[in-house]
2 protein chains.
Amino acid sequence: MRRATQSPYVIGIDFGTLSARAILVDARNGRELASAISEYPHGVIEGSLGKTPLKSQSALQDPRDYLHALKEVVPAVLRKGKIRGDQVAGLGTDFTSCTVLPVFANGEPLSFDKGLAKNPHSWVKLWKHHAAQPEADLINEIGQRRSEQFIPTYGGKYSSEWFFSKVLETVREAPQVYRAADRFIEAGDWIVWRLTGRETRNVSAAGFKGMRVHANGSDWAYPSAEFFAELHPELARVVEEKISGPVLGLGSSAGGLTAEWAEALRLRPGIPVATGNIDAHAGVPACGVTKPGSLVMIMGTSTCHLLIGEQKQEVEGICGVVQDGIVPGCWGYEAGQAGVGDMLGWFVDHRAPKYVHDEARRKGLSIHDLFSEQAAKLRPGESGLLALDWWNGNRSVLVDADLAGVLVGLTLQTRPHEIYRALIEATAFGTRQIVNAFTSKGIAIDEIFACGGLAQKNPLLMQIYADVLQRPIKVAGVQEASAFGAAMFGAVAAGIHPDIHAAASKMAPRPKKTYKPNAENRALYDALFMEYDKLHDYFGRDKNSVLKKLLRIRRKGK
Amino acid sequence: MRRATQSPYVIGIDFGTLSARAILVDARNGRELASAISEYPHGVIEGSLGKTPLKSQSALQDPRDYLHALKEVVPAVLRKGKIRGDQVAGLGTDFTSCTVLPVFANGEPLSFDKGLAKNPHSWVKLWKHHAAQPEADLINEIGQRRSEQFIPTYGGKYSSEWFFSKVLETVREAPQVYRAADRFIEAGDWIVWRLTGRETRNVSAAGFKGMRVHANGSDWAYPSAEFFAELHPELARVVEEKISGPVLGLGSSAGGLTAEWAEALRLRPGIPVATGNIDAHAGVPACGVTKPGSLVMIMGTSTCHLLIGEQKQEVEGICGVVQDGIVPGCWGYEAGQAGVGDMLGWFVDHRAPKYVHDEARRKGLSIHDLFSEQAAKLRPGESGLLALDWWNGNRSVLVDADLAGVLVGLTLQTRPHEIYRALIEATAFGTRQIVNAFTSKGIAIDEIFACGGLAQKNPLLMQIYADVLQRPIKVAGVQEASAFGAAMFGAVAAGIHPDIHAAASKMAPRPKKTYKPNAENRALYDALFMEYDKLHDYFGRDKNSVLKKLLRIRRKGK
């Protein structure tokens, strides 16, 4: 680790799905001096690539967009924050994941090559590129048969979104691209490579998405060559040939900023650049969380649950568990709910009747706010409604994208705001189910934090979560938790703070609000959760449940 | 039975919930010459009676309204049909049921008495007066304990809507009214009493609502004095004191029209007036149905299923089975679904989003028609949705007003017209459940007829019923089946036809349309019905089902 420099400023850069955002922070106290955002010129490439039609569920990106945004946002925060470039001591980044691209040995993307650029597989496959489901199915089938360690580590199932599903899709559909690629790499590691001139990988993405997992009681390992050869003969040496190399812990410096990039960003050459990180994960220390027993919920269209644990445990239906994966020195657990804000948005878009629109306009409220105002007056259970929150499938505990939503207790007297509340409650019960999956394995959850859009904007929802979980929930004091966390890891890489614990204690703002559980609602919510749990198992665990049969009927009818 | 007169015209008068309607028919061929409608000035009295607040779920009427409407509609059809009053050979009526009032020995309602009029119990309790649920509960408790015959006859449960629930409510809450009443009578029998000056009761209402039931292999009987005394000491002699008297078969003449009413209605004195009848029941012969093995569905806000059978069978969860109760010489069975058109109306009112309103306006369609147009393009099962149609409870087979609706299979891609179709399908599955309840007991259903607003107006719904039941469904050729059927029974009472079979063969129009089952949809609907049946038992049969628990939680929270 480098010695602390005199200069206390750091920059965190968050590469999202549609844009990149930078924030400039004083590492001594966490004061945010400026932020800037730049949209990717090509956004998400779907449907077709130029004139080439894309497979259904494809979602690509152009790596030039990341570089373009980088050159905009860093000088912008310097300008806005009135800080000279040579006052910046370090950089940190975070990126969507698993977002993967094939590159040449020098780090140049294959999509920069005129000939290869015509093939969609030469481009960045964005996290939400879901076209590799057949590959994921094969990986799970072979992985389960061979009892590969990644299967329990990933809660029983490897996702179509992840690293080797995407690479396997490439080797199966475009072997010439696979062969031309010297390396496959997470976009978050690639951007760090660009900035430092040095190829590294981060322990978090490698662990959570890339099959670099720990067997119980042993060190980490990738699956064997035999496993990869079974997936596809050309993959037998994929680890050695296309992936191997240094895997660095979070907060390590991946290298110094190159002269070329220092000039482009108006920064000092050689300042440390932190190793890459996953966007949601970077938000955890930004909430002030670095100790075991803390759960952070990143709540937006979907919810990501990140838990810091002291040891590894197999937990049903989690997304993954990785040593040093969120905070160095601890085990990081990830779980999630696939539809939260999305489901409420669906309800507002497709189920709000005209009279609700009229009333909202009259009162000058959004539909969400009108529903919240009305729903806040209801007692738990008053509407007689109960829902299963699976409008977008179930990510944890059941890990089943084929499940769908259920709504129970409708009558001629049921009104829209009652359903709105029932949907919120259902997502809270879904979180309680996840919390129970951890605590039933003896993994402590002492504190719960929330960040993201829903946590900031929907107080009714937050209070219901506190009541359903019967625990206080602390809403993060930062608005842009990921970029802020990236800046914190940048401060550690720059040696301003000795580790992420120290960085968090100095930099993370105090929670801006704590929602306290209302003890009066405890018994009612306990009773309602028992019914939720009953429906959860009835519809979710049986392979011949009504939901499964409906899906089969739906497919048979085609 | 009287001899046929020369004059072939008859009038049928249907007393509905909000209005009375008369039609003038040529009994030789069923040609409808005129119809007229008159709304009741006081409609349904709810909330308060003058300044007296009413109990929740009370629904009263003013008997003067019936007389007022009668004096309007009969002269109106003569005028419109250009028929002289002395050309009318007979009258028939039908009435909502169970609609009950207390009267003096001369037939004068207690509500006409200034002193008694202040008490709500002196007024007509309309069929949908649901305030007597505690009384119905007591009747069922004591009836079950004593193994009274009315319990199996009524499918296991006596309703809060029915005769003795309402009378028991009166004696418990207003003993002075009970004592002042010389008689309690169905409004349908009371109107016939007014017209003829003679107190009679009709076999149908007495059997379906009034506990005048057949034990297996024996003649009819009311429950014993011991039973009534257990309900309330003052009820011990209720049958002898307040109810006994002639009970006449359908199509019998209850007497000749009085001189006073002949003058008021501009008809000939002494013409036969048919005995009273229940409104839905009167519609059966109007569909041309008088033989065993025929099911008639009267489809509107709710659906009433009337089946003609050859013998008595105990069938789970039917409303009742009565000898001569629908067609003389046969057993009449009644079953029902509590929310059909109502539920679709709820969906349109409270769940149609703004963009659907906009599109309907642009296309010049009603919301129902727009949804139907879109839903007609879906294959069975295509939406992945399935519902339980219990928005207004379950009337048959489960007989449980506390059940509520369930909607399964919702996703972020679910659109409103898909739910609209799922609700229609759910009501069709509910009817299939009822059909199965009959046929599983060996009661034949050879033909299915439909009448009522939904049958006339919603072709998508009718086709789905034909497909789900995999049977042709014949839509009645009459628009106003009840009034038409009343006219047919009037023609029998007048001796124009020897019996209702002959009347039906001469007068009932042919079905206006037959919906034929689409064999391609059979397998898909069989598969969907299996899932419906699974949910039906899971949510409906268990006393600790999620729906029951939700109701308990709802009540506990109060």
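The values are calculated or read from the model by the stated rules, or taken from the named source; none is laboratory data. Everything numeric here is computed off the predicted structure, so don't read it as measured data. Here the Cβ positions follow ideal geometry from the backbone for every residue, glycine too, while neighbour counts run over all protein chains shown. For the accessible areas, the whole protein counts, side chains as well, though only heavy atoms, and no ligand, DNA or RNA atoms are used. Shrake-Rupley method; radii C 1.70, N 1.55, O 1.52, S 1.80 Å.
Scanning region B:423-460 for residues that are among the β-branched types (Val, Ile, Thr) and open to solvent by 40 Å² or more (accessible area, probe 1.4 Å) gives a single hit, B:THR439.
If you go through region A:461-502 and keep only what is open to solvent by 20 Å² or more (accessible area, probe 1.4 Å) and part of a strand (DSSP E or B), you end up with just A:LYS474. Each residue in region B:177-228 was checked for being modelled with pLDDT under 95, in a loop (DSSP other than H, G, I, E, B) and not hydroxyl-bearing (Ser, Thr, Tyr), and 4 pass. Any residue in region B:73-86 that is touching a residue at least 24 places away in the same chain (Cβ under 8 Å) and either touching an Asp or Glu at 6+ places or on another chain (Cβ under 6 Å) or within 23 Å of B:VAL171 (Cβ to Cβ) (or both)? Within region B:73-86, none of the residues are touching a residue at least 24 places away in the same chain (Cβ under 8 Å) and either touching an Asp or Glu at 6+ places or on another chain (Cβ under 6 Å) or within 23 Å of B:VAL171 (Cβ to Cβ) (or both).
Under 25 Å from B:GLY384 (Cβ atoms) and more than 9 Å from chain B (Cβ to nearest Cβ), is that true of A:GLU418? Yes; evaluated as a whole, the condition is true for this residue.
Summed over region A:398-422, the residues that are surrounded by 24 or more Cβ atoms within 10 Å (Cβ to Cβ) and farther than 16 Å from A:ASP342 by Cα give a count of 3.
Taking each residue of region A:257-279 that is over 29 Å from A:GLY320 (Cα atoms) and looking for partners that are outside any strand (DSSP E or B) and modelled with pLDDT under 95 with beta-carbon atoms closer than 8 Å, six or more apart or interchain, yields A:PRO272/A:ARG2. Yes or no: A:ILE326 open to solvent by less than 10 Å² (accessible area, probe 1.4 Å) and free of Cβ contacts under 8 Å to residues at least 60 places away in the same chain? Against the criterion (open to solvent by less than 10 Å² (accessible area, probe 1.4 Å) and free of Cβ contacts under 8 Å to residues at least 60 places away in the same chain), A:ILE326 does not qualify. With respect to A:SER253, determine if the residue is polar (S, T, N, Q), open to solvent by 20 Å² or more (accessible area, probe 1.4 Å) and out of contact with any helix residue (DSSP H, G or I) (no Cβ under 6 Å at 6 or more places or on another chain). Answer is no for this residue. Here A:SER224 meets the list (1) under 16 Å from the mean Cα position of the chain (by Cα); (2) over 22 Å from A:ASP94 (Cβ atoms); (3) of a type in the set (Gly, Ala, Ser) almost entirely, failing just condition (1).
When residues in region A:503-558 are screened for being assigned by TED's automatic domain parsing to the domain that holds A:ARG432, small (Gly, Ala, Ser) and outside any helix (DSSP H, G or I), 2 of them pass.
On the stretch given as region A:91-138, residues that are modelled with pLDDT under 95, more than 20 Å from A:ILE191 (Cβ to Cβ) and of a type outside the set (Gly, Ala, Ser) total 4.
Scanning region B:535-556 for residues that are buried (at least 17 other Cβ atoms within 10 Å of the Cβ), touching a Gly at 6+ places or on another chain (Cβ under 9 Å) and within 10 Å of chain A (Cβ to nearest Cβ) turns up B:VAL546, B:LEU547, B:LEU550, B:LEU551, B:ILE553, B:ARG554.
Could you list, in sequence order, all residues of region A:402-460 that are under 26 Å from A:PRO511 (Cα atoms) and not in a helix (DSSP H, G or I)? Result: A:ILE443, A:ALA444, A:ILE445, A:ASP446, A:GLU447, A:ILE448, A:PHE449, A:ALA450, A:CYS451, A:GLY452, A:ASN458. On the basis of being modelled with pLDDT of 95 or more, assigned by TED's automatic domain parsing to the domain that holds B:GLY188 and either open to solvent by 20 Å² or more (accessible area, probe 1.4 Å) or among the aromatic types (Phe, Trp, Tyr) (or both), does B:ASP65 make the cut? When the stated conditions are applied, B:ASP65 does not pass them.
Can you say whether B:HIS281 is in contact with a strand residue (DSSP E or B) (Cβ under 9 Å, 6 or more places away or on another chain) and buried (at least 24 other Cβ atoms within 10 Å of the Cβ), as far as the supplied structure shows? Answer is yes for this residue.
Kindly indicate whether any position in region B:503-513 is open to solvent by 20 Å² or more (accessible area, probe 1.4 Å), within 30 Å of A:VAL406 (Cα to Cα), modelled with pLDDT of 95 or more and not hydroxyl-bearing (Ser, Thr, Tyr). Within region B:503-513, none of the residues are open to solvent by 20 Å² or more (accessible area, probe 1.4 Å), within 30 Å of A:VAL406 (Cα to Cα), modelled with pLDDT of 95 or more and not hydroxyl-bearing (Ser, Thr, Tyr). Taken as a whole, the structure places B:LYS80 among residues that are open to solvent by 80 Å² or more (accessible area, probe 1.4 Å) and either touching a Lys or Arg at 6+ places or on another chain (Cβ under 7 Å) or under 17 Å from B:GLN479 (Cβ atoms) (or both).
Looking only at residues of region A:370-392 that are open to solvent by 10 Å² or more (accessible area, probe 1.4 Å) and part of a helix (DSSP H, G or I), we find that the one that is nearest to the other protein chains (Cβ to nearest Cβ) is A:GLN374. Within region A:351-369, being at the interface with chain B (Cβ under 10 Å from one of its Cβ atoms) and either within 25 Å of A:CYS304 (Cβ to Cβ) or in contact (Cβ under 8 Å) with a residue 60 or more places away in the chain (or both) holds for A:ARG351, A:ALA352, A:PRO353, A:VAL356. As a summary of the residue check, B:ALA262 satisfies the conditions (1) open to solvent by 30 Å² or more (accessible area, probe 1.4 Å); (2) part of a helix (DSSP H, G or I) except for the one numbered (1). Regarding region A:515-528, can at least one residue be identified that is surrounded by 22 or more Cβ atoms within 10 Å (Cβ to Cβ), within 14 Å of another protein chain (Cβ to nearest Cβ) and under 29 Å from A:GLY453 (Cα atoms)? Yes, there is a match, as at least one residue in region A:515-528 is surrounded by 22 or more Cβ atoms within 10 Å (Cβ to Cβ), within 14 Å of another protein chain (Cβ to nearest Cβ) and under 29 Å from A:GLY453 (Cα atoms). In this structure, does B:ARG395 turn out to be open to solvent by 60 Å² or more (accessible area, probe 1.4 Å), touching a residue at least 24 places away in the same chain (Cβ under 8 Å), at the interface with another protein chain (Cβ under 7 Å from one of its Cβ atoms) and of a type in the set (Lys, Arg)? No. Of the residues making up region A:302-340, those that are modelled with pLDDT under 95 and within 14 Å of chain B (Cβ to nearest Cβ) are A:SER302, A:ALA338, A:GLY339.
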